[in-house]
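Notes follow the structure.
Every number here is computed from the coordinates shown, using simple stated rules; none is lab data. On a predicted model such as this, the values are computed, not experimentally measured, just so you know. Glycine gets a Cβ as well: all are built from the backbone with ideal geometry, and neighbour counts include every protein chain shown.
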Amino acid sequence: MLACAEGTPLPDGFLFGASTSAHQTEGGNTNSDWWQLEHRTGTPLAEPSGDAADSYHRWPVDMDLLAELGFTDYRFSIEWARIEPEPGRFSRAATDHYRRMVDGALERGLRPMVTLHHFTLPRWFAERGGWTAPDAVGLFARYAEAVEPVLREGVRHVCTINEPNLLATLTADAAPAPGLPLPDPELTATLIAAHRAATAAVKAAAPALRTGWSVANQVYQAVPGAEEVAAAYRRPREDVFLEAARADDWIGVQAYTRTRIGRHGPLPVPKGAELTLTGWEFYPAALGEAIRHTASVVGDVPVIVTENGIATHDDGRRVSYTRGALEELARALADGIDVRGYFHWSALDNYEWGSFRPTFGLIAVDPRTFLRAPKPSAHWLGRIARNRVLPL
Ligand code: BGC
């Protein structure tokens, strides 16, 4: 990879887009376990997802904007709770809906990357123990098989499970949080088995699909003398999930910030550091470190950045953060690391698992009218996607 005066040209076929998830954008996901949690008496969540960004109906507008801005790829998830509202009962209408989304993306010149499971479960599945139920893996594989009409044509990349390492730490009462608790070993094993079973199911239906999963990378940094503590901390929280991807077609990197590890475990954010709306340290270099660590574990499995971004009201900081992250990506490419894509989180301001307050979007959404307004960062990043040259 040769850097030219204006920057680093993207390799041929490089995916450049933005990401969303169904529950965070669609609205009205009433049959999911998260909806139930949001409305339970005494819920720990600040507010419910409600209509979210109404993307269940407004996805054509979202895709129009992304394509007009210059993006060539769009990562979105399909909602198991809609596709299989009751055990073994598959909704033809929901399956058709997601098929229309795939077709709609292709018509606009956006290559769809489809996530099968992004944190939310059908209520019935959660009620019978969720991932801890003895037949959970088989049920997930059955769902993966049933979405064959969505994936069969025009989809190249499928992400089976979003952030299994975060999922393995979640109880029904806890919202996703940075600085991961310890994943449950049984849940870890179940999610790896579910990933493999879903991979086999979708490949049986459409062998050309490129399958993988996306791991939340916390960029564990050891302070001098704490290297072994950091490695032991990282292993069950990250490396086990990366090692499970060694036979996959790609591995998804999701990086936002870093976690410094001292002799006794995680350290607080350094004094005076700039914080984002999620309370995370503003640390664009996280992406480069996450890519390098991931590549060192997975060997020659290609890397795709499936999420990277920042929650802020100051869109100028979003541009600074993303520029820093893309510079890191350019350096990784220059060093010969096989990075095949970058998806910004998120396309839209959306429901951040308990609250609409942390705004990650390139595109603002008016909560009353649902009108979309691309921010300057959306135009800036879309230009990079269109020109296919990274700023370094
Ligand atoms: C998740 C997204 C989430 C984002 C920012 C990732 O953990 O996949 O759903 O909105 O980070 O918190």
- Item | Rounded Å value of the spacing that divides the Cα centres of the stretch 121-161 and the stretch 344-385 | 28 Å
- Item | Where a label projected 7 Å from the Cα of Arg40 along Cα→Cβ would reach, residues of the stretch 348-366 with amide N under 19 Å | 352-355
- Here, Thr30 and Asp366, labelled 7 Å along Cα→Cβ, have an inter-label distance in nm of 2.7 nm
- Order the peptides 57-63, 269-275, 250-256, 127-133 from the highest to the lowest mean number of other Cβ atoms within 10 Å of their residues. 250-256, 57-63, 127-133, 269-275
- Message: Using 0.36 nm times the number of residues separating Ser355 and Asp314, minus their current alpha carbon distance, what extension gain do you get?
- Response: 12.9 nm
- Gaussian network model of the chain, Cα springs within a sub-10 Å range: biggest mean-square fluctuation belongs to which of Thr259, Thr211, Thr278? Thr278
- Note on the structure: Comparing Gly382, Gly109, Gly13 in a Gaussian network model of the chain (Cα, 10 Å), the one with the largest mean-square fluctuation is Gly13
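So what's the stretch 108-228 giving for Cα Rg divided by 2.2 N^0.38 Å, two decimals? Before the final figure, lay out the partial values.
Details: Rg = 16.2 Å, N = 121, 2.2 N^0.38 = 13.6 Å.
Against the compact-globule rule of thumb, the ratio is 1.19.
How many percent of all Cα-Cα pairs in the stretch 297-338 sit more than 16 Å apart? If you can, show how the numbers build up before the last one.
Details: 406 of 861 pairs.
It works out to 47 percent of all Cα pairs.
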- Item | Of every Cα-Cα pair in the stretch 14-386, the percent that sits beyond 38 Å | 10 percent
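Quick one: dipole size for the stretch 320-373, taken about the Cα centre, charges +1 on Lys/Arg Cβ and -1 on Asp/Glu Cβ, in debye to the nearest 20.
Taking the Cα centre of the stretch 320-373 as origin, the dipole is about 220 debye.
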- Item | Dipole magnitude of the stretch 14-386, debye to nearest 20 (Cβ charges: Lys/Arg +1, Asp/Glu -1, about Cα centre) | 380 debye
- Here the net charge surrounding Ile192, from other residues whose Cβ is less than 15 Å away from its Cβ (Lys, Arg +1; Asp, Glu -1), is -3
- Task: Subtracting the Cα-Cα distance from 0.36 nm times the residue separation, let me have the gained length for Asp335 to Leu267 in nm, one decimal.
- Result: 21.4 nm
- Query: Any idea what log10 I(q)/I(0) is at q = 0.13 Å⁻¹ for the stretch 247-362, Debye with uniform C-alpha scatterers and no solvent?
  - Reply: -0.54
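Per DSSP helix of 4 or more residues, -39500 (n - 2.57); summed, then divided by the residues of the chain. What does that give at 222 nm, rounded to the nearest 500? Can you show the working numbers first?
Values: 15 runs with 148 residues, N = 392.
It lands at -11000 deg cm²/dmol.
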- How big is the stretch 22-98 on each of its three principal axes, counting only the C-alpha atoms and giving the largest first in Å? 44, 33, 16
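Rounding to the nearest 20 debye, state how big the charge dipole of the stretch 271-392 is about its Cα centre with +1 on each Lys and Arg Cβ and -1 on each Asp and Glu Cβ. Numbers along the way, then the final one.
On the way: 14 positive and 14 negative charges, 87 e Å.
Using Cβ point charges on Lys, Arg, Asp and Glu, the stretch 271-392 gives about 420 debye.
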- Treat the stretch 199-291 as a sphere of radius equal to its Kirkwood radius over Cα pairs and apply Stokes-Einstein at 25 °C in a medium of 0.890 mPa s; give the translational diffusion coefficient in µm²/s, rounded to a whole number. 164 µm²/s
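Within a 10 angstrom radius of the beta carbon, how do Leu381, Leu392 rank from fewest other beta carbons to most?
Arranged by neighbour count, lowest to highest, Leu381, Leu392 become Leu392, Leu381.
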- Note on the structure: The farthest towards the positive end of the charge dipole of the chain, of the residues Ala67, His195, Ala226, given +1 on Cβ of Lys and Arg and -1 on Cβ of Asp and Glu, is Ala67
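How big, in percent, is the set of alpha carbon pairs in the stretch 313-392 lying more than 15 Å apart?
Percent of Cα pairs beyond 15 Å in the stretch 313-392: 61.
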- Item | Gain upon complete extension [Ser296, Arg246; 0.36 nm per residue less C-alpha separation] | 16.9 nm
- How many nm separate the modelled label positions at Arg128 and Glu153, each set 7 Å beyond the Cα in the direction of the Cβ? 3.4 nm
- Query: Given springs between every Cα pair under 10 Å in a Gaussian network model of the chain, which of Ser320, Ser49, Ser19 has the largest fluctuation?
  - Reply: Ser320
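Expressed as a rounded percentage, what relative contact order does the stretch 53-162 have, with Cα pairs under 8 Å and six or more residues apart?
Values: 131 pairs, mean separation 37.2, N = 110.
It comes to 34 percent, rounded to a whole number.
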- Query: If you wrap a convex hull around the Cα atoms of the stretch 38-192, how much volume per residue is inside, in Å³?
  - Reply: 135 Å³
- Task: Show the residues, 5+ positions off or on another chain, whose built amide H is closer than 5 Å to the amide H of Thr259.
- Result: Tyr220, Gln221
- What residues qualify as long-range amide H neighbours of Val389, i.e. H under 5 Å apart, gap of 5 or more or another chain, H built at 1.01 Å from N? Leu10
